[in-house]
1. Can you say whether residue 75 is among the β-branched types (Val, Ile, Thr) and more than 30 Å from residue 198 (Cα to Cα), as far as the supplied structure shows?
2. If you take the residues in the range 199-210 that are surrounded by 15 or more Cβ atoms within 10 Å (Cβ to Cβ) and more than 16 Å from residue 140 (Cα to Cα), which one is nearest to the ligand (Cβ to nearest atom)?
3. Which of the residues spanning the range 102-118 are open to solvent by 10 Å² or more (accessible area, probe 1.4 Å) and within 9 Å of the ligand (Cβ to nearest atom)?
4. Filter the range 160-181 for residues that are away from the ligand (no atom under 15 Å from the Cβ) and at pLDDT 95 or above; which is most open to solvent (accessible area, probe 1.4 Å)?
5. Residue pairs, Cβ under 6 Å, 6 or more apart or interchain, first in the range 88-103 and closer than 13 Å to residue 260 by Cα, second open to solvent by 10 Å² or more (accessible area, probe 1.4 Å) and hydroxyl-bearing (Ser, Thr, Tyr). List them.
6. Could you list, in sequence order, the residues of the range 230-259 that are in contact with a strand residue (DSSP E or B) (Cβ under 8 Å, 6 or more places away or on another chain), surrounded by 15 or more Cβ atoms within 10 Å (Cβ to Cβ) and not in a strand (DSSP E or B)?
7. Can you tell me which residue among 62, 56, 46 is under 18 Å from the mean Cα position of the chain (by Cα), surrounded by 16 or more Cβ atoms within 10 Å (Cβ to Cβ) and charged (D, E, K, R)?
8. Any residue at all in the range 216-235 that's acidic (Asp, Glu), in the same structural domain as residue 108 (by TED's automatic domain parsing) and in contact (Cβ under 8 Å) with a residue 24 or more places away in the chain?
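The values are calculated or read from the model by the stated rules, or taken from the named source; none is laboratory data. Since the model is a prediction, treat every value here as computed from it, not as a measurement. Here Cβ is always computed from backbone atoms with ideal geometry, including for glycine, and neighbour counts include all displayed protein chains. Accessible surface is based on the protein model in full, side chains and every heavy atom, while ligands, DNA and RNA are left aside. Shrake-Rupley method; radii C 1.70, N 1.55, O 1.52, S 1.80 Å.
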Amino acid sequence: MPDEELKQVRAFDIVGNIAVVKIPEKLLPKKQLIGQALMQVHHHVRTVLNQTTPVRGEFRTRKLEVIAGEPRTETTHREGGCSFKVDLAKVYFSPRLATERLRVTKQIKPGEVVTNLFAGVGCYSVLIAKHSEAIKIYSIDKNPAAVNYMRENTRINKVGARVVPILGDARDVVKTRLMGKADRVLMPLPELAREFFDVALLALKPEGGVVHFYDFGKEPELFGPSLEFVRAAAATKGKKVELLGSRAIRSYATRVYHIVLDLKIT
Ligand SMILES: C[S@@+](CC[C@H](N)C(=O)[O-])C[C@H]1O[C@@H](n2cnc3c(N)ncnc32)[C@H](O)[C@@H]1O
């Protein structure tokens, strides 16, 4: 393929032994060739998938087609000393969040109770259980397939007793079962973080705790508007916000970043 064309398919993810590429419309006639080339260069890749839609819908999934290798979408990915079984067509999964997951895991203190509002297949929750002395990690997701994989991943990684997978809408689950229980709340879904910030406050213990608030930030004011939002929203509930840290995780669109604020709520 000419360099001009190659440049357009440079970015791809490897999850377990599956490679995921996004092939532009113009290059679709060459998709099989691209798939085979990827398998030749990366010997452990057994399947190449082309992502044909953006990540979308409430379960944050995408459409994928097999363009080379074995016809399947399920694989097991290794990250941070843990194994995660996922079906890329049925659940959200991104290997690009590994650094962020590890960063949060390192902050957990012995004896903490953690509530993960959007837990997916349990990546944060299992890593936290494996590498910290958290006593419970309540892990909610609305996607039944994600919760099934989460159950399996807690079993595979032998952290079953401390990770509690819960199928349901985060708002309903917190209101009915998890109010006032957590020292720390994770909100790893930037699309819904603002809508669910009041739920995170309800999930925290009455004396407060830490919230990892994921959002989108636009240059040049990457963190300011998100911080203003949480401060105002917390004030309406009589709470105070202290910013412990902030980080741009990855580029999302031109001048827009997926960001996180680590917040101490009192
Ligand atoms: C970005 S993914 C989470 C990724 C996961 N934390 C990880 O590191 O792999 C967001 C998840 O939120 C779930 N979700 C969406 N709306 C929800 C809601 N209202 N309540 C609970 N889970 C929800 C989706 O099914 C999806 O699995």
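1. yes
2. The initial filter retains those residues of the range 199-210 that are surrounded by 15 or more Cβ atoms within 10 Å (Cβ to Cβ), namely 199-204, 208-210.
Right, trim to more than 16 Å from residue 140 (Cα to Cα) and you get 208-210.
Details: 208: 23, 209: 19, 210: 16 Å.
For the range 199-210, the residue satisfying everything is 210.
3. 118
4. Filtering first and then ranking leaves 179.
5. Final answer for the pair search is 101/124.
6. 230, 231, 234, 239
7. Only one candidate passes the filter, namely 62.
8. Within the range 216-235, the first condition is being acidic (Asp, Glu), and the residues that meet it are 219, 221, 228.
From the residues that got through so far, the ones that are in the same structural domain as residue 108 (by TED's automatic domain parsing) too are 219, 221, 228.
Still in the list and also in contact (Cβ under 8 Å) with a residue 24 or more places away in the chain: 219.
The answer is yes; a qualifying residue exists.
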